Amino acid sequence: MPPLPVPSAPLTPEQMARRAVGARPAEVTRPITISPYDPGWPERYRREEARIRAALGVRALAVEHVGSTAVPGLAAKDRVDIDVIVADPADEDAYVPALTAAGYTLATREPHWYEHRCLWTASHDATLHVFGPDCDEHLRHLIFRDWLRAHPQDRDRYAARKYEVAAEHPMSMAHYVGGKASVIVDILERAGLR
């Protein structure tokens, strides 16, 4: 069982810029929009999973649909989040070229945070979060997803908070993520994390 995430303030503009790879903007360029649940999200995930597995083969130790689009009935940004587990996320040469050839672009590098790497599709309708084996954050993603699938009241509470924060901070992903943190931690505590 992983520990609860450590509380932190929203990333500063400088921190957002440091994690961005290439010429991509460090912050959102369009308002954050939360959409009602789309029953097409699981199929979009399955297409992306097939593409990831074809590109990486056995280098993909696990591929999981995570985030809000993985929870039936949960409102979300129209972007499928996928955790991809590789042997060593810091060894970008082992997986980034294959994913680039499959149509993904490395967008985020966070060596200080579980060696996290993030890749996007060209239309940014899918986001790949790359972590290593037994990563606490990946395990939290699975626990949170599974808890929300089984607990509609917490799912709806989380959805309400997402709508609120997106309305309060439509042009800041850092504040959007930070604004959801206390609800996420509370739900993870209910799921048994300490």
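Given the stretch 132-194, what helices (runs of 4 or more DSSP H) lie entirely inside it while holding 2 or more residues that are in contact with an Asp or Glu (Cβ under 7 Å, 6 or more places away or on another chain) and among the aliphatic types (A, V, I, L, M)?
Details: elements: 136-150, 152-168, 173-190.
Per the criteria, 136-150, 173-190.
For the stretch 24-34, check the following and say yes or no: at least one residue is hydroxyl-bearing (Ser, Thr, Tyr) and surrounded by 15 or more Cβ atoms within 10 Å (Cβ to Cβ).
no
Give me the residue from the stretch 99-126 that is closer than 22 Å to ALA17 by Cα, surrounded by fewer than 21 Cβ atoms within 10 Å (Cβ to Cβ) and among the aliphatic types (A, V, I, L, M) and, out of that set, modelled with the lowest pLDDT.
Here the answer is ALA122.
Among the numbered criteria (1) free of Cβ contacts under 8 Å to residues at least 12 places away in the same chain; (2) under 20 Å from ALA55 (Cα atoms), which single criterion is violated by TRP120?
Every listed condition holds for TRP120 apart from (1).
Hey, can you tell me all the residues within the stretch 118-154 that are closer than 21 Å to ALA102 by Cβ and over 14 Å from the mean Cα position of the chain (by Cα)?
Answer for the stretch 118-154, where residues must be closer than 21 Å to ALA102 by Cβ and over 14 Å from the mean Cα position of the chain (by Cα): ALA122, SER123, GLY132.
Would you point out which residue out of PRO39, PRO31 is in contact with a Pro (Cβ under 6 Å, 6 or more places away or on another chain) and at pLDDT 95 or above? Step through it out loud before you land on a result.
Working: PRO39 fails: in contact with a Pro (Cβ under 6 Å, 6 or more places away or on another chain).
Among PRO39, PRO31, only PRO31 is in contact with a Pro (Cβ under 6 Å, 6 or more places away or on another chain) and at pLDDT 95 or above.
To keep it simple, each residue is scored yes or no on (1) in contact with a His (Cβ under 7 Å, 6 or more places away or on another chain); (2) under 22 Å from ARG18 (Cβ atoms); (3) without any contact (Cβ under 8 Å) to a residue 60 or more places away in the chain.
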position: GLY73; (1), (2), (3): no, no, no
position: ARG79; (1), (2), (3): yes, no, yes
position: ILE82; (1), (2), (3): yes, no, yes
position: ALA94; (1), (2), (3): no, no, yes
position: LEU128; (1), (2), (3): no, yes, no
position: HIS138; (1), (2), (3): no, no, no
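Identify, by number, the condition in (1) surrounded by 18 or more Cβ atoms within 10 Å (Cβ to Cβ); (2) small (Gly, Ala, Ser); (3) farther than 23 Å from ALA54 by Cβ that GLY178 doesn't meet.
Of everything listed in (1) surrounded by 18 or more Cβ atoms within 10 Å (Cβ to Cβ); (2) small (Gly, Ala, Ser); (3) farther than 23 Å from ALA54 by Cβ, GLY178 misses just condition (1).
Name the single residue that is farthest from TYR45 (Cα to Cα) among those in the stretch 78-121 being assigned to a loop (DSSP other than H, G, I, E, B) and touching a Ser or Thr at 6+ places or on another chain (Cβ under 7 Å).
GLY103
Given (1) surrounded by fewer than 21 Cβ atoms within 10 Å (Cβ to Cβ); (2) closer than 19 Å to LYS180 by Cβ; (3) not acidic (Asp, Glu), identify the lone condition not met by HIS129.
Unmet for HIS129, out of (1) surrounded by fewer than 21 Cβ atoms within 10 Å (Cβ to Cβ); (2) closer than 19 Å to LYS180 by Cβ; (3) not acidic (Asp, Glu): (1).
If you scan the stretch 10-27, which residues turn out to be more than 21 Å from ALA160 (Cβ to Cβ) and in contact with a helix residue (DSSP H, G or I) (Cβ under 7 Å, 6 or more places away or on another chain)? Spell out how you get there, then give the answer.
Narrowing the stretch 10-27 to residues more than 21 Å from ALA160 (Cβ to Cβ): 11-27.
Of everything in the stretch 10-27, those that are more than 21 Å from ALA160 (Cβ to Cβ) and in contact with a helix residue (DSSP H, G or I) (Cβ under 7 Å, 6 or more places away or on another chain) turn out to be LEU11, MET16, ALA26, GLU27.
Are there any pairs, at least 6 apart or on different chains, whose C-beta atoms fall under 6 Å, with the first in the stretch 156-178 and of a type in the set (D, E, K, R) and the second modelled with pLDDT of 95 or more, and if so, which?
That search, which allows pairs on different chains as well, returns ARG161/LYS180; ARG161/VAL183; LYS162/ILE34.
The values are calculated or read from the model by the stated rules, or taken from the named source; none is laboratory data. Keep in mind that what you see is a predicted model, and the values were worked out from it rather than measured. Note: ideal-geometry Cβ built from the backbone for every residue, glycine included; neighbour counts use all protein chains shown.
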